[in-house]
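Engineer: Supplied in structure tokens, the structure appears directly below.
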Amino acid sequence: MHPVPIATTKRLADYAAIIGDRRYEELRALAKAAAGRSMLHINATAYGGGVAEILQNLVPLLRDAGVDAHWAVLDAPPAFYDITKKIHNALQGMELDLSEQEKELFQEVARENAAQLTDADVILAHDPQAVALRHFAKDPRRATWVWRCHIDLTTAHQPVWSFLRPFVEEHDASIWTMPEFVRPDLKQKVLIQAPTIDPLSLKNQDMPVSAARAIVRRWGLDIERPILVQVSRFDPWKDPLGVIDAYRLVKVEVPGVQLVMIGSLADDDPEGQEYLDRTRAHAHGDPDVFLFTNLDGVKDQEVNAFQRAATVVVQKSLREGFGLVVAEALWKGVPVVAGKVGGIVIQIQDEVSGFLVTSVEEAAKCTLELLKDPALRRGMADAGRERVRDKFLITRDLRDQLDLVSSLAAPTGRAS
Ligand code: UDP
């Protein structure tokens with residue numbers, strides 16, 4: 001594994017105005033209790049997807065709070081990511097027969113990476129990719145180990161879960177997005193903590209509407225016409241083809257509507273390019289469908305602009321761990337039409353802060369309702385923003401992590 005350089009500095013004090021004095025003082029007190037402890041986060045990729053997004057913001061904030069926080073990513077050959085993507089799909093319900101060779105490679109990568117572990121009071125391993133590290137750690141008891149699962153395991157393919165479960169249970173605790181995600185057969189201390197977004201990151205920080213519109217115009221959009229936006233890896237579970245189908249139904253009634261789909265090609269997602277190609281083919285050269293990736297130069301600031309310039313944000317997932325993009329859009333005051341799956345259901349209160357849908361037709365119907373009713377859009381957007389402020393801002397994650405570090409970690413020095 002190798003360390004991810006933490007280039008940004010963040011100041012907890014900058015968040016006080018957003019979260020209010022009471023929450024800020026509570027954070028300061030927790031920071032005092034956790035100060036001086038060390039923490040190492042380990043995941044599969046430094047770029048692309050929700051976990052990387054969270055860590056790049058959370059680690060600097062933990063540092064400002066006084067925790068000696070670090071972030072490392074695994075070193076692994078491409079074949080490992082093919083296996084972990086399959087495991088990810090199986091945990092979301094697909095059938096999978098993992099071969100003995102695949103299981104061996106999965107463990108071999110964990111063994112090699114575990115040999116490079118650095119000391120920390122608390123080690124937080126994220127998702128299946130990092131679940132076996134503790135098993136191969138030379139002296140696992142030198143740290144408190146926690147596994148954080150960002151995936152919805154309610155329909156997990158049992159043989160794959162049975163393979164992973166012993167690795168999970170070796171940890172001192174595991175963290176889950178929702179109680180419903182926790183496997184009933186898991187024997188372990190369990191914590192429930194939903195992921196969060198950083199309101200001051202480049203992706204979410206305030207941006208005048210005029211600036212957002214100027215950026216979007218530069219990418220070829222007509223800002224006088226309605227814009228639907230989905231920001232997601234190109235992945236079957238994000239249903240990019242279904243999004244295009246829903247857009248087509250909307251277009252029958254609102255011919256001017258445009259659709260933007262933005263998808264980063266993540267380092268640990270070998271299916272990305274293939275799904276991008278399929279999505280492009282499905283769009284049949286429609287000039288009102290725009291497909292962009294990070295490789296085109298659509299990065300955090302552009303994502304920020306597109307989400308703000310959207311008339312409606314769509315997140316038509318068929319399975320979802322949490323769906324950070326939903327919180328990102330709600331925080332920006334944009335109403336969201338999203339799949340009624342995974343952690344999306346704790347972000348959107350149906351018909352209050354957005355619409356939860358289960359089909360292409362329903363997605364189209366709810367989108368049309370929003371497109372035709374500016375007052376409904378405003379009302380839902382306001383409700384959504386307040387819900388995010390209350391539950392899904394990074395300061396809530398920071399609070400949980402500080403609590404974890406001070407309650408689970410042994411006094412400083414244990415790991416040295
Ligand atoms: N994202 C991005 N550019 C893209 C696609 C996604 O920056 O082209 C970001 C998105 O804004 C969000 C994260 O990647 O912060 C995706 O997290 P989410 O929880 O929605 O989905 P995951 O990829 O983890 O399944």
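The values are calculated or read from the model by the stated rules, or taken from the named source; none is laboratory data. Remember, it's a predicted structure, so these values are computed and weren't measured experimentally. Ideal geometry is used to build each Cβ from the backbone, glycine not excepted, and the neighbour counts take in all protein chains shown. Side chains included, ligands, DNA and RNA excluded: accessible areas come from the protein's heavy atoms. Shrake-Rupley method; radii C 1.70, N 1.55, O 1.52, S 1.80 Å.
Engineer: Condition test on Asn43, is it open to solvent by less than 40 Å² (accessible area, probe 1.4 Å), within 25 Å of Val160 (Cα to Cα) and of a type outside the set (Ser, Thr, Tyr)?
Structural biologist: Against the criterion (open to solvent by less than 40 Å² (accessible area, probe 1.4 Å), within 25 Å of Val160 (Cα to Cα) and of a type outside the set (Ser, Thr, Tyr)), Asn43 qualifies.
Engineer: How about region 90-117: which of its residues are among the polar types (S, T, N, Q) and either surrounded by 23 or more Cβ atoms within 10 Å (Cβ to Cβ) or at pLDDT below 95 (or both)?
Structural biologist: Residues satisfying the conditions are Gln92, Asn113.
Engineer: Check Gly36, Gly48 and return the single one that is of a type outside the set (Ser, Thr, Tyr), farther than 22 Å from Ser264 by Cβ and in a loop (DSSP other than H, G, I, E, B).
Structural biologist: Only one candidate passes the filter, namely Gly36.
Engineer: Examine region 51-58 for a residue that is on the phi > 0 side of the Ramachandran plot and either assigned to a helix (DSSP H, G or I) or crowded, with 19+ Cβ neighbours inside 10 Å (or both), and state whether such a residue exists.
Structural biologist: no
Engineer: Working only within region 118-177, note down all residues that are among the small types (Gly, Ala, Ser) and over 12 Å from Ile42 (Cα atoms).
Structural biologist: Hits for region 118-177 are Ala137, Ala143, Ala156, Ser162, Ala173, Ser174.
Engineer: Moving to a separate point now. So which of Arg148, Arg134 is modelled with pLDDT of 95 or more, of a type in the set (Lys, Arg) and within 18 Å of the chain's Cα centre (by Cα)?
Structural biologist: Answer to the selection: Arg148.
Engineer: Among the residues that make up region 307-315, is at least one of them open to solvent by 20 Å² or more (accessible area, probe 1.4 Å) and under 17 Å from Ala363 (Cα atoms)?
Structural biologist: yes
Engineer: Suppose we filter region 47-105 for residues that are touching a Ser or Thr at 6+ places or on another chain (Cβ under 9 Å) and within 13 Å of the ligand (Cβ to nearest atom); how many remain?
Structural biologist: 12
Engineer: If you take the residues in region 227-275 that are of a type in the set (Phe, Trp, Tyr) and either part of a helix (DSSP H, G or I) or closer than 16 Å to Ala52 by Cβ (or both), which one is nearest to the ligand (Cβ to nearest atom)?
Structural biologist: Once the filter is applied, the top-ranked residue is Trp237.
Engineer: Restricting to region 358-382, name every residue that is of a type in the set (A, V, I, L, M), out of contact with any strand residue (DSSP E or B) (no Cβ under 6 Å at 6 or more places or on another chain) and modelled with pLDDT of 95 or more.
Structural biologist: Within region 358-382, Val360, Ala364, Leu368, Leu371, Ala375, Leu376 qualify.
Engineer: Let me ask you something else. When both residues are 6+ apart or on different chains and their Cβ atoms are under 7 Å apart, which pairs have a first residue that lies in region 365-377 and is within 21 Å of Arg248 (Cβ to Cβ), and a second that is open to solvent by 50 Å² or more (accessible area, probe 1.4 Å)?
Structural biologist: Final answer for the pair search is Leu368/Glu253; Leu370/Arg377.
Engineer: Which residue is nearest to Asp127 (Cα to Cα), if the candidates are limited to region 152-178 and must be aliphatic (A, V, I, L, M) and in a loop (DSSP other than H, G, I, E, B)?
Structural biologist: Here the residue is Leu153.
Engineer: Just checking, which of Gly36, Gly66, Gly48 is within 27 Å of Asp14 (Cα to Cα) and without any contact (Cβ under 8 Å) to a residue 40 or more places away in the chain?
Structural biologist: Gly66
Engineer: Here's another thing I want to ask about it. Does Arg396 satisfy being in contact (Cβ under 8 Å) with a residue 12 or more places away in the chain and either touching a strand residue (DSSP E or B) at 6+ places or on another chain (Cβ under 6 Å) or open to solvent by 50 Å² or more (accessible area, probe 1.4 Å) (or both)?
Structural biologist: Criteria not met by Arg396.
Engineer: I would also like to ask the following. Mind telling me which of the residues Leu241, Leu221, Leu249, Leu191 ends up being modelled with pLDDT of 95 or more and touching a His at 6+ places or on another chain (Cβ under 6 Å)?
Structural biologist: Going through Leu241, Leu221, Leu249, Leu191 in turn, the sole match is Leu241.
Engineer: Would you be able to tell me the number of residues in region 284-301 that are more than 16 Å from the ligand (Cβ to nearest atom) and open to solvent by less than 40 Å² (accessible area, probe 1.4 Å)?
Structural biologist: Number of matching residues: 2.
Engineer: So, in region 138-147, of the ones that are in contact (Cβ under 8 Å) with a residue 40 or more places away in the chain and not in a loop (DSSP other than H, G, I, E, B), which residue ends up farthest from Asp400 (Cα to Cα)?
Structural biologist: Once the filter is applied, the top-ranked residue is Arg142.
Engineer: Using beta carbons and a limit of 8 Å, which pairs, at least six apart or on different chains, have the first residue in region 126-137 and at positive phi and the second one basic (Lys, Arg)?
Structural biologist: Within 8 Å, the pairs are Asp127/Arg148.
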